[in-house]
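Below is one structure, written out as structure tokens; the observations come after it.
Readers should treat all values here as calculations from the given coordinates under stated rules, not as data from a laboratory. Treat the numbers as computed from the prediction; the structure is a model and nothing was measured. No Cβ is skipped: glycine too gets one built from the backbone with ideal geometry, and neighbour counts run over all protein chains shown.
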Amino acid sequence: MSLPLIYHEDYSPEFPPDHRFPMDKFRLLHDHLIDSGLTTDQALLRPDICPNDILALAHDRHYIERYMHGELSREDQRRLGLPWSEALARRTVRAVGGSLLTAEMALQHGVACHLAGGTHHAHYDHPAGFCIFNDLAVISRYLLEAGRVHRVLIFDCDVHQGDGTARMLEDTPDAITVSLHCEQNFPARKAQSDWDIPLPRGMGDDAYLQVVDEALNYLLPLYQPDLVLYDAGVDVHKDDALGYLQITDAGLAARDERVLGQCLGRDIPVMGVIGGGYSKDRKALAKRHGVLHHTAAKVLRCAQ
């Protein structure tokens, strides 16, 4: 079986080229995975738009309507940091649909990866930090309420704390939130995850991988989740514009291999989303994100 990969052309709408958020990285990631021979365009799975009723399992309906109609307050626009457009609104709900499809594929096949996702700063009734709707919270609520899973574990390795996810799921005991993040980084006001693992600035590969190993070895047997949602943010990389850690390309690959391998080795389905990554060199950034997909394909081959 080949690795299920989920993507849609809506993911990189027209966007200001000098904006801090690298909107074209999704398209460039698609191109990189094809050029490197990992997949073909025809093999990629295209998601539907996420329906409002599923979004509303985790988000306020009035907020959903305000955003989709371009009616956010000035304060919410400032929190978000992205200029509204119909194309961006469509991209947003399409990408949540993509994460839902990734979860479905992971439950069917053991592992699946999205070429987007990980919008963990979005809150119940407002956006934040380039995140509009929280795909991790939506997936968790949807699968739990549908009875598809009894427990999910979100293993968030983005360099920034998953504050929105933590707050949105704090009253959902069967959704376990785990955040490994740089302590001195956005957001300034941290939420309380079920497990917060703050990391010091400047941490390198060896110390980082030891923390990842210890967390996995403790938490996976403790909770025995039916699905792991893995946020493989590459903003931990030493060359990331918003990171402050010192993780190398090899460190990223080793982290992904540990997370995916530990899950598959315990027969726990796992889905990967790409999370954060920021650089003016967009092609290098896309290649960095592609480490997740190449590593997942390698781990899947070894497990078969």
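State which residue is farthest from the chain's Cα centre (by Cα) when the search covers only segment 155-188 and only residues that are β-branched (Val, Ile, Thr) and in a loop (DSSP other than H, G, I, E, B).
Of everything passing the filter in segment 155-188, 172 is farthest from the chain's Cα centre (by Cα).
Select from segment 210-230 the residues that are touching a helix residue (DSSP H, G or I) at 6+ places or on another chain (Cβ under 7 Å) and buried (at least 18 other Cβ atoms within 10 Å of the Cβ) and list them in ascending order.
Within segment 210-230, 212, 216, 220, 227, 228, 229, 230 qualify.
Of everything in segment 219-253, what is in contact with a Gly (Cβ under 8 Å, 6 or more places away or on another chain) and not in a loop (DSSP other than H, G, I, E, B)? Give them in sequence order.
230, 231, 237, 246, 247, 251
Filter segment 254-270 down to the residues that are β-branched (Val, Ile, Thr) and in a helix (DSSP H, G or I) and list them by number.
Restricting attention to segment 254-270, the residues satisfying the condition of being β-branched (Val, Ile, Thr) are 259, 268, 270.
Correct list: 259 only.
Across segment 38-54, what is the number of residues that are loosely packed, with under 12 Cβ neighbours inside 10 Å and either among the aromatic types (Phe, Trp, Tyr) or within 19 Å of residue 131 (Cβ to Cβ) (or both)?
0
Can you tell me how many residues in segment 51-90 are within 28 Å of residue 189 (Cβ to Cβ) and either part of a helix (DSSP H, G or I) or of a type outside the set (Gly, Ala, Ser) (or both)?
Start the filter on segment 51-90 by keeping residues that are within 28 Å of residue 189 (Cβ to Cβ), which leaves 55-68, 70-84, 88-89.
Then drop every residue that is not either part of a helix (DSSP H, G or I) or of a type outside the set (Gly, Ala, Ser) (or both), which leaves 55, 57, 59-68, 71-72, 74-80, 82-84, 88-89.
Residues meeting the conditions: 26.
Please give the number of the condition residue 3 fails out of (1) in contact (Cβ under 8 Å) with a residue 12 or more places away in the chain; (2) closer than 22 Å to residue 137 by Cα.
Evaluating residue 3 over (1) in contact (Cβ under 8 Å) with a residue 12 or more places away in the chain; (2) closer than 22 Å to residue 137 by Cα leaves (2) as the failure.
Look through segment 81-104, keep the residues that are among the hydrophobic types (A, V, I, L, M, F, W, C) and within 17 Å of the chain's Cα centre (by Cα), and return whichever of them is farthest from residue 273 (Cα to Cα).
The residue in question is 93.
I need every pair where a residue in segment 226-252 that is closer than 18 Å to residue 120 by Cα has its Cβ under 7 Å from the Cβ of a residue that is acidic (Asp, Glu), sequence separation at least 6 or different chains.
231/156; 231/158; 232/256; 233/158; 234/240; 235/158; 242/235; 243/235
Can you pull out the residues in segment 55-79 that are within 25 Å of residue 26 (Cα to Cα), surrounded by fewer than 21 Cβ atoms within 10 Å (Cβ to Cβ) and within 21 Å of the chain's Cα centre (by Cα)?
Of everything in segment 55-79, those that are within 25 Å of residue 26 (Cα to Cα), surrounded by fewer than 21 Cβ atoms within 10 Å (Cβ to Cβ) and within 21 Å of the chain's Cα centre (by Cα) turn out to be 64, 79.
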